[in-house]
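Single-structure report; data block below.
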Amino acid sequence: MQLNRTTVPNTKIYPERILQFGEGNFLRAFVEWMINKMNKEADFNTGVVIAQPIANGLADLLNSQDGLYHVQLAGMKDGQPIKQNELIDCVTRAINPYTEYDKYLEVIDNPELRFVVSNTTEAGISWDESDQLDQSPQNSFPGKMTSLLYRRFKTFNGDTAKGLIIICCELIDRNADFLQKYVKQHASKWKLEPEFIAWLDEACAFCNTLVDRIVPGFPKDDIAEVHKELGYNDQLVTVGEYFHLWVIEAPEWVKNEFPADKAGLEVKFVEDMTNFREQKVRILNGAHTGTFAVALLYGVETVRETIEHDVLGEFMNTMISKEVLATINGEEEYLNNFAKKILERFYNPYVRHEWKSIALNSMSKWKTRNLCSLIDYAKIKHEVPSHLSFSLAALIAYYRGEYQGKEIKLQDDQIHIDFMKNAWNGFELSEENTKNVVKTVLAYSSLWESDLNQIANLTDTVSKQLYAILNNGIKEAIKTLS
């Protein structure tokens, strides 16, 4: 049976109070899942309009199911395995601003709109000099947000009651602070009136957040069984772990408008999320991004298979326990227990989390999640961390686009793919040529924000590890790690 509001009785159409940029699996299994629970258990009475942040996306598919889909949660709760399916009905519709700009403007002009939620990936919150106010829409997410907020300011004549609460879910440090910075930068460049800047400060809240839930996404290998279990042909069902945590740095008045506590959700409103973010990003996300290339080159496809693997499991555990934890401030026993709980989640028997899905946009992810640990470890210990450097060597090998005669389909910003292609161009295996590739990649300062060749012994270490991966194969190269 097809899934839509005709075949599913008694679904409610909620007032459109949230505009969300991003329609991917994570937001739908995390934010919408929470909104759904808040609607059912805390009388939040809020619908979500989803806007595609780029021209190609899932808007048509979402609309074909009238915004309905299922979240299948699986994992451990109170020491017991748990699995449950939930129908999500808070999405009212999806819009492609590139083809439906008038509808997009109608959402912005809706007096009931109160929140903007985003996950445009680590690369989404960035400055684009070419953005102009009269574009429909602008290229970058900050450009779109500046135009959106300015239109709302003008539509409601600067009414502070019509400001918006902007909740960023991108995995970059101080995500909303960066968005706010670029919005004001665009406002200055576009010569918007000072009253608009004052309205931004008084009427709007830019909320930094930290999100935590492993979401493998669409269960393509088991979809026939899942459809039978659900009783519907749901092309948007998404799988996630039961565990969830959302840390939101926001004023008290925002908490009062977002009744997550009344729905029993693990949402923490805090004044400063620095410690939460550092622990989560460096350990959980760092374990993922630091291991994906090693595992894929090794021939292992999923996180669970990796953590259970004698060699790869030891690699991941050692990278976290010996290298990453050494860079995080905190009480040692607490950090060890925190890391243990994080890594235990990777054993979830219900979740098939494929490394290929984690590999998306890995250049910027490695910079955000792993480079900080490598740099800090080198400063603290006065030596190169062997496992983090090996992770970097594997990343460089992966971005060659082929390994041992097999093509690797890279999923990243074209600028990074082109850079790596040029770095590898005409490569013939030798120690000298390998070192030249490493030097070029480490000098990619527009990504790393510095020349990593300046870190003592890093160039030599990564070069030797990369040469071993290419010459001996990763299964032999990884054995040399101490």
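Any residue in the stretch 201-215 that is free of Cβ contacts under 8 Å to residues at least 60 places away in the same chain and closer than 19 Å to residue 276 by Cβ sitting within a Cβ distance under 7 Å of a residue that is assigned to a loop (DSSP other than H, G, I, E, B) and charged (D, E, K, R)? List the pairs, counting only those 6 or more apart or interchain.
Short answer, once both residue conditions are applied: none.
For the stretch 1-24, enumerate the residues that are under 24 Å from residue 220 (Cα atoms), crowded, with 21+ Cβ neighbours inside 10 Å and either in the same structural domain as residue 220 (by TED's automatic domain parsing) or not hydrophobic (A, V, I, L, M, F, W, C) (or both). Spell out the reasoning first.
As a first pass, look at the stretch 1-24 and keep what is under 24 Å from residue 220 (Cα atoms): 1-5, 7-8, 22-24.
Keeping just the survivors that are crowded, with 21+ Cβ neighbours inside 10 Å gives 3, 22-23.
Result: 22, 23.
Within the stretch 250-276, work out how many residues are over 19 Å from the mean Cα position of the chain (by Cα) and of a type in the set (Val, Ile, Thr).
Residues flagged as over 19 Å from the mean Cα position of the chain (by Cα) and of a type in the set (Val, Ile, Thr) within the stretch 250-276 amount to 2.
Identify the residue in the stretch 282-340 that is touching a strand residue (DSSP E or B) at 6+ places or on another chain (Cβ under 7 Å) and either on the phi > 0 side of the Ramachandran plot or not in a helix (DSSP H, G or I) (or both) and, among all such residues, is surrounded by the fewest Cβ atoms within 10 Å (Cβ to Cβ).
Taking the stretch 282-340 and keeping what is touching a strand residue (DSSP E or B) at 6+ places or on another chain (Cβ under 7 Å), we get 284, 297, 301-302.
Adding the requirement that they be either on the phi > 0 side of the Ramachandran plot or not in a helix (DSSP H, G or I) (or both) leaves 301-302.
Values: 301: 15, 302: 19.
This residue is 301.
Report whether or not residue 247 is crowded, with 18+ Cβ neighbours inside 10 Å, within 16 Å of the chain's Cα centre (by Cα) and free of Cβ contacts under 8 Å to residues at least 60 places away in the same chain.
Working: crowded, with 18+ Cβ neighbours inside 10 Å: yes; within 16 Å of the chain's Cα centre (by Cα): yes; free of Cβ contacts under 8 Å to residues at least 60 places away in the same chain: yes.
So residue 247 fits the description; yes.
If the requirement is being in contact with a strand residue (DSSP E or B) (Cβ under 6 Å, 6 or more places away or on another chain), modelled with pLDDT under 95 and among the small types (Gly, Ala, Ser), which of these qualifies: 47, 75, 79? Steps first, please.
Details: 47 fails: modelled with pLDDT under 95; 79 fails: in contact with a strand residue (DSSP E or B) (Cβ under 6 Å, 6 or more places away or on another chain).
Exactly one residue qualifies, and that residue is 75.
For the stretch 1-43, what are the residues that are in contact with a Phe, Trp or Tyr (Cβ under 6 Å, 6 or more places away or on another chain) and either under 15 Å from residue 72 (Cα atoms) or at pLDDT below 95 (or both)?
1
Please count how many residues of the stretch 415-467 are among the aliphatic types (A, V, I, L, M), closer than 17 Å to residue 389 by Cβ, surrounded by fewer than 15 Cβ atoms within 10 Å (Cβ to Cβ) and without any contact (Cβ under 8 Å) to a residue 12 or more places away in the chain.
Qualifying residue count for the region: 0.
Can you tell me which residue within the stretch 311-359, out of those that are basic (Lys, Arg) and more than 20 Å from the chain's Cα centre (by Cα), is nearest to residue 81 (Cα to Cα)? Show your work before the answer.
As a first pass, look at the stretch 311-359 and keep what is basic (Lys, Arg): 322, 340-341, 345, 352, 356.
Now narrow it down to the ones that are more than 20 Å from the chain's Cα centre (by Cα): 322, 340-341.
On the way: 322: 30, 340: 18, 341: 16 Å.
So, considering only residues that are basic (Lys, Arg) and more than 20 Å from the chain's Cα centre (by Cα), the one nearest to residue 81 (Cα to Cα) is 341.
Quick check on residue 403: is it touching a residue at least 40 places away in the same chain (Cβ under 8 Å) and under 25 Å from the mean Cα position of the chain (by Cα)? First the steps, then the outcome.
Values: touching a residue at least 40 places away in the same chain (Cβ under 8 Å): yes; under 25 Å from the mean Cα position of the chain (by Cα): no.
No: the conditions fail for residue 403.
For the structure I just gave you, tell me whether residue 41 is touching a strand residue (DSSP E or B) at 6+ places or on another chain (Cβ under 7 Å) and either more than 16 Å from residue 238 (Cα to Cα) or among the charged types (D, E, K, R) (or both). I'd like the intermediate steps shown before the answer.
Values: touching a strand residue (DSSP E or B) at 6+ places or on another chain (Cβ under 7 Å): no; either more than 16 Å from residue 238 (Cα to Cα) or among the charged types (D, E, K, R) (or both): yes.
In short, no.
Here are some residues: 376, 460, 412, 451. Which one is over 26 Å from residue 320 (Cβ atoms), in the same structural domain as residue 291 (by TED's automatic domain parsing) and of a type in the set (D, E, K, R)?
Details: 376 fails: over 26 Å from residue 320 (Cβ atoms); 460 fails: over 26 Å from residue 320 (Cβ atoms); 412 fails: over 26 Å from residue 320 (Cβ atoms).
Matching residue, one of 376, 460, 412, 451: 451.
Specify the residue that is modelled with the lowest pLDDT; the eligible residues are those in the stretch 372-414 that are in a helix (DSSP H, G or I) and loosely packed, with under 12 Cβ neighbours inside 10 Å.
414
Can you tell me which residues in the stretch 19-59 are of a type in the set (S, T, N, Q) and free of Cβ contacts under 8 Å to residues at least 40 places away in the same chain? Give the derivation first.
We begin by selecting, within the stretch 19-59, every residue of a type in the set (S, T, N, Q); these are 20, 25, 36, 39, 45-46, 52, 56.
Across the stretch 19-59, the qualifying residues are 45, 56.
Kindly provide the set of residues from the stretch 50-74 that are of a type in the set (Val, Ile, Thr) and under 20 Å from residue 216 (Cα atoms), ordered by number.
Initially, the stretch 50-74 is screened for residues of a type in the set (Val, Ile, Thr), giving 50, 54, 71.
The answer is 71, and nothing else.
Return the only residue of 134, 222, 201, 177 being under 30 Å from residue 303 (Cβ atoms), surrounded by fewer than 23 Cβ atoms within 10 Å (Cβ to Cβ) and acidic (Asp, Glu). First the steps, then the outcome.
On the way: 134 fails: under 30 Å from residue 303 (Cβ atoms); 201 fails: under 30 Å from residue 303 (Cβ atoms); 177 fails: under 30 Å from residue 303 (Cβ atoms).
Within the list 134, 222, 201, 177, the selection yields 222.
The values are calculated or read from the model by the stated rules, or taken from the named source; none is laboratory data. Values in this document were obtained by computation on a predicted structure and should not be read as measured data. Quick reminder, even Gly has a Cβ in these numbers, built from the backbone with ideal geometry, and neighbours come from all protein chains shown.
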